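Chemist: Sharing a structure below in structure tokens format, with a few things to ask.
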Amino acid sequence: MDNKAFAIAIMAAGKGTRLKSKRPKVLHEIGGRALLLHVIAASEKVVPANQIYCIIGHEADSVRAAVESTGIQFVLQPEQRGTGHALQMVKAFFALSGTSIPENLLVLSGDVPLIRPETIASICEAHLREKAAMTILTAVPPDPTGYGRIFRVAPDRPEVTAIIEQKSLTPDQLATPEINSGIYCFRTSALFDKLDLLNTDNAHGEFYLTDVAAMLVSDRQRVIAVQAESVDEVLGANTIAEMMHLDAAMRLATAKRLMASGVTIFRPETSVIDSEVTIGPDTVIEPYVQLLGSTRIGSDCRIRSYSVIQNSSLGDNITVRNGCIMDSAVIAEGAIIGPYSHLRPESRIGAGAHVGNFVETKKVTLGAGSKANHLNYLGDAAIGEGVNIGAGAITCNYDGVHKHQTTIGDHVFVGSDSTLVAPVTIESGAYVAAGSCITEDVPSGSLALGRARQIVKPDWVANRKKQPQ
Ligand code: UD1
Ligand code: CA
């Protein structure tokens, strides 16, 4: 395909009233990514970013900010007066900016997010091959309610006579099964000729882009329908329920792709895996796991149920036991995490290290083979290799105003229930006795005791009972 002959316009200015949300529809997420970003990603595989024009209007600033980094162009539709009006804005933009008009204009909807680049390319090809003025991507979903319907010259002919919106269907037209996906390819000159002739004489009082089809037909221009290979690909997201249906479809597709590459995912319909997540072969994902954002997991790992892992990087051969929460953590090979560990941002867990039950870490490096297995809080700390952090030991990193650093050398033993009051350093090989409150540095190889001496009073209980009440 000669992609210079094509530009893409993505309609994304609408409010999405049916969502009943204050967030613009195209910024709602499926598969962990905004609807509009999915459409842009597919578009970028067909034409370069500077040939993509995104029509924005409702909450234009936030929509622009969310997708600006893709390098596409923006066309403002200050008032949302319908899909036909959205394209009128594109026509005006070309005229005003002096941009040379592309021979063909592909029109996509910001709320039809599962569209694949192969499908976009194939309607371009059909459009050229059939020398059409307008090519419409269509589908026959199980329930066509809510969509505009396609009327063909005859069932087996590609030529279309009209697109009629749901609200304008006559009772005998209601059963028409073929829907308009809202994705089209136009010969730009044919489209631009008709845009100014549209009117708002319809159920919504809007300029319908779909009316262009019948206008071109009455001009004896060729309007054709091309059916999509998969129905899911052209489903729109007008309500939260429809959006969640697409979310599930997309996540299942991600899970299938991962399984095809050697990952075992038990009960994949229960897992929530974002589309950018990568996982190595022979890793096992148990039911009810969430893998989000840019998370990368190596091979031969096991992620047990109820863990939620976000933007984190896990090496090979790691076990994440049940119920762990991780955000922006980095874990080296062979580590064992959990159950119920909370690794907050900038937690770096070394090879073969263990982080266990109810342990919280933040801005911590835990060296290779080190262990913090029970009830610890480790924040703002550099911890060496082969260190044992006893049950209940914590870093006291915050003085109410500032955060302070704790440094622990290699092979240090920190006894249970110790409090390490930062800033403090415990040098390599040192021991901290259980129950110590450590406020001063501990030199290498020494033992630090920071607790009151125990007093034992023999026969105290019996003596007390003898005393008069
Ligand atoms: C539209 C089609 C319908 C088709 C359906 C497929 C029309 C009149 N109808 O209906 O035939 O079956 O898509 O999903 O086109 N938008 C703007 N500016 C506006 C209005 C809308 O940019 O003034 C954008 C929206 O943000 C959205 C897209 O255009 O991304 C479609 O608008 P929407 O209101 O959802 O149209 P539908 O009623 O779904
Ligand atoms: Ca829609």
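The values are calculated or read from the model by the stated rules, or taken from the named source; none is laboratory data. What you see is a predicted model, and the numbers here were worked out from it, not measured in a lab. No Cβ is skipped: glycine too gets one built from the backbone with ideal geometry, and neighbour counts run over all protein chains shown. Please note that ligands, DNA and RNA were not included when accessible areas were found on the heavy atoms of the full protein model with its side chains. Shrake-Rupley method; radii C 1.70, N 1.55, O 1.52, S 1.80 Å.
Chemist: If exposed means no more than 10 neighbouring beta carbons inside 10 Å and the site is in a DSSP loop, what's the longest run of the chain without any exposed trypsin sites (Lys or Arg not before Pro)?
Modeler: 221-452
Chemist: Given the chain, what percent of its DSSP beta bridges are antiparallel, to the nearest 5? Numbers along the way, then the final one.
Modeler: Working: 18 of 101 bridges.
In the chain, DSSP labels about 20 percent of beta bridges as antiparallel.
Chemist: For Q227, what residues show an amide H to amide H distance below 5 Å, using hydrogens built from the backbone and excluding near sequence neighbours?
Modeler: Under 5 Å from the amide H of Q227: T138.
Chemist: Just need the relative contact order of the stretch 3-234 here, percent rounded to a whole number, with Cα pairs under 8 Å and 6+ apart.
Modeler: Relative contact order for the stretch 3-234 comes out at 23 percent.
Chemist: Given charges of +1 on the Cβ of Lys and Arg and -1 on the Cβ of Asp and Glu, with all other atoms neutral, how large is the dipole of the chain about its Cα centre, in debye to the nearest 20? Intermediate results must be reported in sequence, preceding the final value.
Modeler: Values: 43 positive and 49 negative charges, 257 e Å.
So the magnitude is around 1240 debye.
Chemist: Order E118, E242 by their accessible area, 1.4 angstrom probe, all chains in place, largest first.
Modeler: Order by accessible area, largest first: E118, E242.
Chemist: Taking 0.36 nm per residue of sequence separation and subtracting the Cα-Cα distance, how much length would be gained by fully extending the chain between A154 and H374, in nm to one decimal? Kindly include the intermediate steps, with their values, before the conclusion.
Modeler: Details: separation 220, 0.36 × 220 = 79.20 nm, distance 7.20 nm.
In short, 72.0 nm is gained.
Chemist: Next question. Per residue, how large is the accessible surface of the chain? Use a 1.4 angstrom probe and give square angstrom.
Modeler: Here the per-residue accessible area is 47 Å².
Chemist: Next question. What shape does the stretch 163-253 have by the C-alpha gyration tensor, where a ≥ b ≥ c are the square roots of the eigenvalues, rounded means a/c under 1.5, and otherwise prolate means a/b greater than b/c and oblate the rest?
Modeler: Prolate is the answer for the stretch 163-253, as a/c is 1.5 or above and a/b outweighs b/c.
Chemist: Another question about this same structure. For I183, enumerate residues with amide H under 5 Å from its amide H, sequence gap 5+ or separate chain, H modeled in the peptide plane.
Modeler: Result for I183 returns L137.
Chemist: For the cross-link pairs K131/K194; K25/K91; K20/K363; K15/K45; K22/K256; K371/K457, which exceed 29 Å when the distance is taken from alpha carbon to alpha carbon?
Modeler: K20/K363; K22/K256; K371/K457
Chemist: Select from A12, L258, L343 the residue farthest towards the positive end of the dipole of the chain; place +1 on Cβ of Lys and Arg, -1 on Cβ of Asp and Glu, and compute about the Cα centre.
Modeler: L343
Chemist: Compute the relative contact order of the chain as a whole-number percentage, counting only Cα pairs closer than 8 Å that sit 6 or more residues apart in sequence.
Modeler: Contact order relative to length: 8 percent.
Chemist: Aspartates and glutamates near K167 by alpha-carbon distance under 16 Å, same-chain residues fewer than 8 away left out - which ones?
Modeler: D143, E178, D201, E206, D211
Chemist: Apply the a/c threshold of 1.5 to the C-alpha gyration tensor of the stretch 370-418 and tell me whether it is rounded, prolate or oblate.
Modeler: Cα axes put the stretch 370-418 in the oblate bin.
Chemist: Once every Cα of the chain carries one equal point scatterer and solvent is ignored, give the base-10 log of I(q)/I(0) from the Debye formula at q = 0.06, 0.10 Å⁻¹, two decimals.
Modeler: Per q value, in the given order, log10 I(q)/I(0) is -0.42, -0.81.
Chemist: Now for a different question. Quick one: with all protein chains in place, what share of the accessible area of the chain is carbon or sulfur, to the nearest percent (1.4 Å probe)?
Modeler: On the way: 11340 of 21960 Å².
Accessible surface attributable to carbon and sulfur in the chain totals 52 percent.
Chemist: While we're looking at this one, here's another question. For n ≥ 4 DSSP H runs only, could you compute -39500 (n - 2.57) per run for the chain, divide by its residues and tell me the 222 nm figure to the nearest 500?
Modeler: Mean residue ellipticity, 222 nm, calculated: -6000 deg cm²/dmol.
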